[in-house]
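Everything on this sheet refers to the single structure shown next.
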Protein chains: 2
Amino acid sequence: MSETYDPANIFAKILRGEIPSHRLHEDETAIVIMDVMPQSKGHCLVIPKAPSRNLLDVSDQTLVSIMPLVSRLARAAKAAFSADGVQIVQFNEAPAGQTVFHLHFHVSPRYAGVDLVPHSGKMADGAMLAEQADAIRAALRST
Amino acid sequence: MSETYDPANIFAKILRGEIPSHRLHEDETAIVIMDVMPQSKGHCLVIPKAPSRNLLDVSDQTLVSIMPLVSRLARAAKAAFSADGVQIVQFNEAPAGQTVFHLHFHVSPRYAGVDLVPHSGKMADGAMLAEQADAIRAALRST
């Protein structure tokens with residue numbers, strides 16, 4: 001392991017409540033938040049509470065504890081927006097596309113004929129994200 | 001669930017030994033094979049033995065059983081090729097990019113400054129894939 005976990009990363013701050021997020025689910029092991037730079041309608045993130053940088057240093061216990069939530073969220077996000085599919089992506093280290101160094105899984109609903117939006121660096125409208133978070137919350141309750 | 005599992009898919013045939021693959025690992029719950037249309041050097045796939053179409057219909061038990069192998073393989077593939085990162089992708093349904101309808105996780109080593117190769121539909125050289133499979137096997141033994 002060449003890299004170490006830095007507790008000053010933005011997801012650690014969100015987990016500690018130091019900065020706000022559109023949090024649509026929380027349980028003992030993880031939170032789910034909206035990605036503030038969504039690549040598709042309903043793009044959200046599963047973030048384990050236990051600290052790890054990514055898949056290269058995560059414990060099996062932490063990884064295994066969050067995966068049922070990833071699949072449940074995939075189903076819920078697809079249902080919430082009548083999406084045609086769902087893409088799961090998880091990046092390890094910057095050359096692979098990782099920008100926040102606390103393990104997270106991207107859950108991006110996909111729509112037929114609609115490409116993913118490239119990362120623009122622009123934050124999405126907060127009211128829109130709040131509305132999408134509500135729709136996924138409702139779908140999670142019925143999945 | 002709108003879609004059902006079709007046991008005639010190519011990964012089911014590979015699991016049954018009906019068609020060949022570059023198999024670099026097998027245990028009780030999963031196999032690992034080289035992707036024959038690799039998007040990066042060392043691109044391989046984790047395929048559970050239990051049938052499911054994707055994350056939308058998989059059982060928690062099957063999903064949880066293969067994830068430690070996904071992270072172990074990420075570490076091994078990174079080490080085998082001195083990669084700079086690893087990308088994990090999992091597609092659900094065709095509009096999200098899924099082409100074989102048996103659950104699988106893509107593990108793609110990433111290299112600084114090197115983009116992923118777009119899917120060309122062309123099979124990679126078999127000798128090259130066999131060599132890469134050997135390198136990952138060796139790395140798995142020491143991780």
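Taking A:Arg72, is it more than 11 Å from every other protein chain (Cβ to nearest Cβ) and basic (Lys, Arg)? Here the answer is no, as A:Arg72 does not meet what is asked. Condition check for A:Val114 on (1) in contact (Cβ under 8 Å) with a residue 40 or more places away in the chain; (2) more than 15 Å from the chain's Cα centre (by Cα); (3) more than 10 Å from chain B (Cβ to nearest Cβ): one failure, at (3). Being over 26 Å from A:Ala124 (Cβ atoms) and either assigned to a strand (DSSP E or B) or free of Cβ contacts under 8 Å to residues at least 24 places away in the same chain (or both) is the filter here, so list the residues in the stretch A:47-58 that pass it. A:Ala50, the sole residue that qualifies. Screening B:Lys49 with (1) in contact with a strand residue (DSSP E or B) (Cβ under 7 Å, 6 or more places away or on another chain); (2) more than 25 Å from A:Ser65 (Cα to Cα); (3) surrounded by fewer than 19 Cβ atoms within 10 Å (Cβ to Cβ); (4) away from every other protein chain (no Cβ under 12 Å) gives one miss only, at (2).
From the list B:Ala74, B:Ala96, B:Ala80, exactly one residue is without any contact (Cβ under 8 Å) to a residue 24 or more places away in the chain, among the hydrophobic types (A, V, I, L, M, F, W, C) and open to solvent by less than 40 Å² (accessible area, probe 1.4 Å). Which is it? Explain how you work it out, then say what you get.
Values: B:Ala74 fails: without any contact (Cβ under 8 Å) to a residue 24 or more places away in the chain; B:Ala80 fails: without any contact (Cβ under 8 Å) to a residue 24 or more places away in the chain.
Exactly one residue qualifies, and that residue is B:Ala96.
Only residues that are in a loop (DSSP other than H, G, I, E, B), away from every other protein chain (no Cβ under 14 Å) and open to solvent by less than 40 Å² (accessible area, probe 1.4 Å) were counted across the stretch A:25-46, and they come to 2.
The values are calculated or read from the model by the stated rules, or taken from the named source; none is laboratory data. Everything numeric in this text was worked out from a predicted model, so none of it was measured. Virtual Cβ from ideal backbone geometry, glycine too; neighbours counted across all protein chains shown. Accessible surface areas use protein heavy atoms only, side chains included; no ligands, DNA or RNA. Shrake-Rupley method; radii C 1.70, N 1.55, O 1.52, S 1.80 Å.
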